[in-house]
1. Sort the chain into rounded, prolate or oblate with this rule: let a ≥ b ≥ c be the square roots of the eigenvalues of the Cα gyration tensor; rounded if a/c is under 1.5, and if a/c is not under 1.5, prolate when a/b is larger than b/c, oblate otherwise.
2. Modelling each spin label as a point 7 Å along the Cα-to-Cβ direction, I'd like the M62/S50 distance in nm, to one decimal.
3. Treating only the Cβ of Lys, Arg, Asp and Glu as charged (+1, +1, -1, -1), what charge dipole size does the range 139-253 show about its Cα centre? Round to the nearest 20 debye.
4. Mind checking the full-extension length gain between D186 and M201? Use 0.36 nm per residue of separation minus the Cα-Cα distance, one decimal, nm.
5. Mind grabbing the accessible area of L227 for me, 1.4 Å probe, Å², rounded to tens?
6. Which residues does the label zone of I178 cover in the range 132-166, counting backbone N under 12 Å from a point 7 Å along Cα→Cβ?
7. With the Cα gyration tensor of the range 139-253 giving a ≥ b ≥ c as the square roots of its eigenvalues, does the rule (a/c under 1.5 for rounded; else a/b larger than b/c for prolate; else oblate) give rounded, prolate or oblate?
8. Take every Cα pair under 8 Å in the range 2-121 that's 6+ residues apart, average their separations, divide by the length, and report that relative contact order as a whole percent.
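The values are calculated or read from the model by the stated rules, or taken from the named source; none is laboratory data. Just so we're clear, the structure is a prediction, and the values are computed from it rather than from any experiment. Cβ coordinates were reconstructed from backbone atoms using ideal geometry, including for glycine residues, and neighbour counts include every protein chain displayed. Protein only, heavy atoms only, side chains kept; ligands, DNA and RNA dropped before computing areas. Shrake-Rupley method; radii C 1.70, N 1.55, O 1.52, S 1.80 Å.
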Amino acid sequence: MHGTFIWHELMTPDPAAAKAFYGPLLGWEPTDMDMEGFTYTTFAVPGFPSGVAGMMALTDEMKGQGIPPNWTGYIAVDDVDKTAAEYEAEGGAVHRAPEDIPGIGRFAVVADPQGAVVCIMTPKMPDGETGSWPTPGSTGTVGWNELMAGDWEKVWDFYATRFGWEKDMAVDMDAMGIYQTFKLGDRGIGGMMTKRPEMPMPYWGFYFIVPAIDAAIEKMQSLGGELLMGPHQVPGGSWIAACVDPQGAYFNLTAAQK
């Protein structure tokens, strides 16, 4: 569906170490695929081999461009070329022009007018396949997509127009301002707020679902990750924690119970 986050991808300098970290932490089962010139790893939760996330190595060229280890999200669109052109026309940027991934779909890497990067994709299912994915909210999936914007109020219309998102609950965070959640149809899919001044640039962050936050934090730290913030409870009752993996990629954990 146009406007839905359909994939999340890790760029890391050490894929083997990342597999040893995220597999035990999130219950993921990795599968390596030989692509043209590189290896791509998919992460699946038990019973759903189509995968919920992917991973590839940071190349020397990417490192030379200053790209750090990171997670990014893929948003489904009906027409990648049209959406990429809209990004440029409305003050954003195209960092990687639309191109085809044989048998997978067509994608582009884009940035909003304030600099937050995301991927857009028109997926293509292989002939005869319909795919099978976990129910939203399942352990090991991404439960929330979050934009730390330069100014969320100024960039809201940009996203709403591109992807059909609608405002949902707005939470007053006192000195930090308003946290605006958004939905697509009846399902809440994310939130956005204006980033803190010490954050170097706007970015998208992602929340991986775990059964209980305290146990997940303990596991994450035992595997070499670092806790940046939390755990703390958010409106609605869920618990969250901000983390960094051993290779330096930022991510979040979320759970319904402490």
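1. rounded
2. 2.4
3. The calculation lands at about 240 debye.
4. Here the answer is 2.3 nm.
5. L227 has an accessible surface of roughly 50 Å² with all protein chains in place.
6. 152-157, by backbone N distance to the label point.
7. prolate
8. Answer for the range 2-121 is 25 percent.
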